[in-house]
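Novice: Sending over a structure as structure tokens; questions will come in a sec.
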Amino acid sequence: MRITALAGGIGGARFLKGVLAARPNDAVTVIGNTGDDIWIHGLRVCPDLDTVMYTLGGGISIERGWGREGETFTVKEELAEYGVEPTWFGLGDKDIATHLVRTQSMQAGFPLSDITAALCERWKPGVRLIPMTDDRAETNVIVDDPSGALDDAGRPLQIAIHFQEWWIKYRAQIPARGFVLVGVDQARPAPGVIEAIEQADIVLLPPSNPVVSIGTILQVPGVADALRSTTAPVVGVSPIVGGAPVRGMADACLTAIGVETTALAVAAHYGARLPRSASAGGNESTEIGGGFIDGWLVDESDSASVAAIEALGIRCRAVPLLMSDLDATKAMVSEAMSLAGMP
């Protein structure tokens, strides 16, 4: 079976471990978020791609959920002694090697998708990992100027900062006024992205951030249309359990776009792939339109929302969604496949 997943970082990577464990004979393609990518100290850093690669390749820091196991931070400490900013972004010494290889390859003219494939030759993650785009598409966050500056009308001056600065330096404590994916209008899906969605037997949306992970991938031109038109069922797993994100600060992101932090609200945000009638030249035909998902898993604690989600036209089931160990994650994957009618 051909499984395609759209994934962000930690939550997506851990879910994918369950996919590989539950479906060892299936071909898995992962479309990774690159909106988090950033230049740090002259190096190109791709946090979500690396988190997936390290997690599935056995090199991730289990405690942190990002970066390398057994990592040291000597270079970071030395840069801080020189007073070189940013001091808030921690590059580990082992991790720097990955970023050096990526940066040198980019400077030599290789696209990110080819570089990612080459890096995976070492880690052998067991999936085909593709960036959502080879082009620039970086998430910026609109916030009130942290300095307290005011505009000419005496209102808080709004500025754009890189997502990583908002997420790591400020811990998402500065209210986001909006998100802008800089460069996405000119971006194209990386080679293989659209085909992976169109040719899949099932498309999975792991419990990644619906705004700045899955939502970012959906903004790449052509991806949303491919999800709407693929013949494969599209099943998502709620990243919200009991009205709160299991990990991270998805609630701050959802609040910024006016979506409640509930499993029901996120399902409605993605929307159902509803049939619609289209008339062309007098001939009636049925097309897929509306949203992106056919099925939605919620946690048992959110079972009261199942009926409301199904009323949206989305098949729904309440199951345990905490990825406490590999067996629990495998069970989640099996439930997602079952919800799609897959063996």
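Novice: So the check is Cβ under 7 Å with 6+ separation or different chains; which pairs have a first residue in the stretch 209-223 that's more than 12 Å from residue 32 (Cβ to Cβ) and modelled with pLDDT of 95 or more and a second one that's assigned to a loop (DSSP other than H, G, I, E, B) and of a type in the set (D, E, K, R)?
Specialist: Sorted first by the residue in the stretch 209-223, then by its partner, the pairs are 221/188.
Novice: So, residue 97, is that one in a helix (DSSP H, G or I), exposed (fewer than 13 other Cβ atoms within 10 Å of the Cβ) and among the small types (Gly, Ala, Ser) or not?
Specialist: It is true that residue 97 is in a helix (DSSP H, G or I), exposed (fewer than 13 other Cβ atoms within 10 Å of the Cβ) and among the small types (Gly, Ala, Ser).
Novice: A follow-up question, please. Just need a number here: residues in the stretch 233-271 that are under 18 Å from residue 314 (Cβ atoms) and either aromatic (Phe, Trp, Tyr) or modelled with pLDDT under 95 (or both).
Specialist: Residues that pass the stated criteria total 1.
Novice: Is it the case, given these coordinates, that residue 227 is touching a Pro at 6+ places or on another chain (Cβ under 7 Å) and either in the same structural domain as residue 291 (by TED's automatic domain parsing) or not acidic (Asp, Glu) (or both)?
Specialist: Considered against the rule, which asks whether it is touching a Pro at 6+ places or on another chain (Cβ under 7 Å) and either in the same structural domain as residue 291 (by TED's automatic domain parsing) or not acidic (Asp, Glu) (or both), residue 227 comes out as no.
Novice: While we're looking at this one, here's another question. Is it the case that the stretch 153-173 has a residue that's in contact with a Phe, Trp or Tyr (Cβ under 9 Å, 6 or more places away or on another chain) and either in the same structural domain as residue 294 (by TED's automatic domain parsing) or of a type in the set (Val, Ile, Thr) (or both)?
Specialist: yes
Novice: Right, next: Could you list, in sequence order, all residues of the stretch 321-343 that are outside any loop (DSSP other than H, G, I, E, B), surrounded by fewer than 22 Cβ atoms within 10 Å (Cβ to Cβ) and either small (Gly, Ala, Ser) or without any contact (Cβ under 8 Å) to a residue 60 or more places away in the chain (or both)?
Specialist: 327, 328, 331, 334, 335, 338
Okay, residues lined up against (1) touching a residue at least 12 places away in the same chain (Cβ under 8 Å); (2) acidic (Asp, Glu); (3) surrounded by fewer than 22 Cβ atoms within 10 Å (Cβ to Cβ):
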residue	(1), (2), (3)
21	yes, no, yes
27	yes, no, yes
39	no, no, yes
54	yes, no, no
64	no, no, yes
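Novice: If you take the residues of the stretch 309-320 that are in a helix (DSSP H, G or I) and surrounded by 15 or more Cβ atoms within 10 Å (Cβ to Cβ), which of them is nearest to the chain's Cα centre (by Cα)?
Specialist: This residue is 309.
Novice: Could you list, in sequence order, all residues of the stretch 8-29 that are within 14 Å of residue 131 (Cβ to Cβ), at pLDDT 95 or above and touching a helix residue (DSSP H, G or I) at 6+ places or on another chain (Cβ under 6 Å)?
Specialist: 29 - this is the single residue of the stretch 8-29 that is within 14 Å of residue 131 (Cβ to Cβ), at pLDDT 95 or above and touching a helix residue (DSSP H, G or I) at 6+ places or on another chain (Cβ under 6 Å).
Novice: Run residue 83 past the list (1) touching a strand residue (DSSP E or B) at 6+ places or on another chain (Cβ under 9 Å); (2) in a loop (DSSP other than H, G, I, E, B) and report the number of the one that doesn't hold.
Specialist: For residue 83, the failing item is (1).
The values are calculated or read from the model by the stated rules, or taken from the named source; none is laboratory data. From a predicted model like this one, the values you see are computed outputs, not experimental measurements. Don't worry about glycine lacking a Cβ; one is built from the backbone with ideal geometry, like all the others, and counts go over all protein chains shown.
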